[in-house]
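One structure is given below, encoded as structure tokens.
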Amino acid sequence: MPSGLRILIASPLGDVIAAPLNAVFDGASITVARDETEFRTSIAARVRFDVVSADLVFNRAELEWTFDGLDVIDGLRDANRLAPVLLATQGHSMEEDHLAEARLRDDVSGVVAKADGFATFADSLQAVALGRTIGKQTPAPVRPSLFELFEGRRGTTTARLAGAIASGHASDNATLAAMAKVSTNTANKVATTYIGPLMRARNEHDDRLPLTQPSVYRWCGMHARYIVSWCRRHGHSDVLAPPVD
């Protein structure tokens, strides 16, 4: 095992894994960031980390809507503290959209399942620290990712509409237009021109049924954690905030 590594573990349960990692990595300096504040403090220091492990979705109720492993990657880049990143997954279905983005990003060096155990995690962390890419190989996707579909001008508008719905602050076309800061005409087309076609492209709507506004709202609820994450990380947090009276 390499010695003297500077390791950052971004996870609410990071303290649990820090001790066994110290036993595996001789002389390692291990920093634990259990939330966004601790993460920001960690990367504000002058020293760069040699490798970073982050939970893909933070398994804590107060964090899962406000901070995730994709925020960690963006934070490292924004602070000019780039390092190889290993994302740890828990196997929940709500990770699917986050994982689809992670597999497409060059700044993710590896993905490992927590269920595979500590030995696999430690080996994966070592491999990533040594410059290898692991665990990102995947068969051809059966549907396009939201990460891809939210690209471009129309994709951004679609994401903003979805974000306003996912945040719980839109209940009809009028409130949707106000929250997403679009025209009423645009909000009226949420099922026909924006989110509806995206649902069809991903085969997430039964073609035997009409694609209605309730269909769109249900879909946004199912993908809410990723939609909120995308809006938060791409400068569209305004659609997630409660309306001002």
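The values are calculated or read from the model by the stated rules, or taken from the named source; none is laboratory data. Just so it is clear, the model here is predicted, and its values are computed rather than measured. Here the Cβ is made from the backbone with ideal geometry for all residues, glycine too, and neighbour counts use every protein chain on show. The area values use the complete protein model at the heavy-atom level, side chains included, leaving out ligands, DNA and RNA. Shrake-Rupley method; radii C 1.70, N 1.55, O 1.52, S 1.80 Å.
What do you reckon, is GLY221 touching a His at 6+ places or on another chain (Cβ under 9 Å) and not charged (D, E, K, R)?
No.
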Could you please let me know if ALA119 is of a type in the set (A, V, I, L, M, F, W, C), surrounded by fewer than 19 Cβ atoms within 10 Å (Cβ to Cβ) and either farther than 30 Å from ALA23 by Cβ or over 17 Å from the mean Cα position of the chain (by Cα) (or both)? yes
State yes or no: is HIS169 open to solvent by less than 60 Å² (accessible area, probe 1.4 Å) and more than 30 Å from ILE73 (Cβ to Cβ)? no
Regarding LEU149, is this residue modelled with pLDDT of 95 or more and closer than 26 Å to LEU99 by Cβ? yes
Mind telling me which of the residues ARG225, ARG143 ends up being in a loop (DSSP other than H, G, I, E, B), under 22 Å from ASP97 (Cα atoms), touching an Asp or Glu at 6+ places or on another chain (Cβ under 8 Å) and of a type in the set (Lys, Arg)? ARG143
Among (1) open to solvent by less than 70 Å² (accessible area, probe 1.4 Å); (2) more than 16 Å from the chain's Cα centre (by Cα); (3) at pLDDT 95 or above, the one test that ARG143 misses: (3)
For GLU62, only one of the following conditions fails: (1) loosely packed, with under 12 Cβ neighbours inside 10 Å; (2) in contact with a strand residue (DSSP E or B) (Cβ under 8 Å, 6 or more places away or on another chain); (3) acidic (Asp, Glu). What is its number? (2)
In this structure, does ASP55 turn out to be farther than 20 Å from VAL16 by Cα and out of contact with any Asp or Glu (no Cβ under 6 Å at 6 or more places or on another chain)? no
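Sort through ALA83, ALA100, ALA129, ALA166 and tell me the only one that's among the aliphatic types (A, V, I, L, M) and within 14 Å of the chain's Cα centre (by Cα).
Details: ALA83 fails: within 14 Å of the chain's Cα centre (by Cα); ALA129 fails: within 14 Å of the chain's Cα centre (by Cα); ALA166 fails: within 14 Å of the chain's Cα centre (by Cα).
None of the others qualify; the one that does is ALA100.
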Quick one: which of ARG200, ARG160, ARG154 is charged (D, E, K, R), over 21 Å from ALA102 (Cβ atoms), open to solvent by less than 40 Å² (accessible area, probe 1.4 Å) and in a helix (DSSP H, G or I)? ARG160
Whichever residue in the range 1-54 is among the basic types (Lys, Arg) and within 18 Å of LEU70 (Cβ to Cβ) and, among such residues, is surrounded by the fewest Cβ atoms within 10 Å (Cβ to Cβ): ARG40
The range 1-51: number of residues that are among the small types (Gly, Ala, Ser) and in contact with a strand residue (DSSP E or B) (Cβ under 7 Å, 6 or more places away or on another chain): 8
Of the residues VAL112, VAL128, only one is at pLDDT 90 or above and touching a helix residue (DSSP H, G or I) at 6+ places or on another chain (Cβ under 8 Å); which? VAL112
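Do we find that ILE195 is open to solvent by less than 10 Å² (accessible area, probe 1.4 Å), modelled with pLDDT of 95 or more and either β-branched (Val, Ile, Thr) or over 28 Å from HIS92 (Cα atoms) (or both) in this structure?
Taking the combined requirement at face value, the residue satisfies it.
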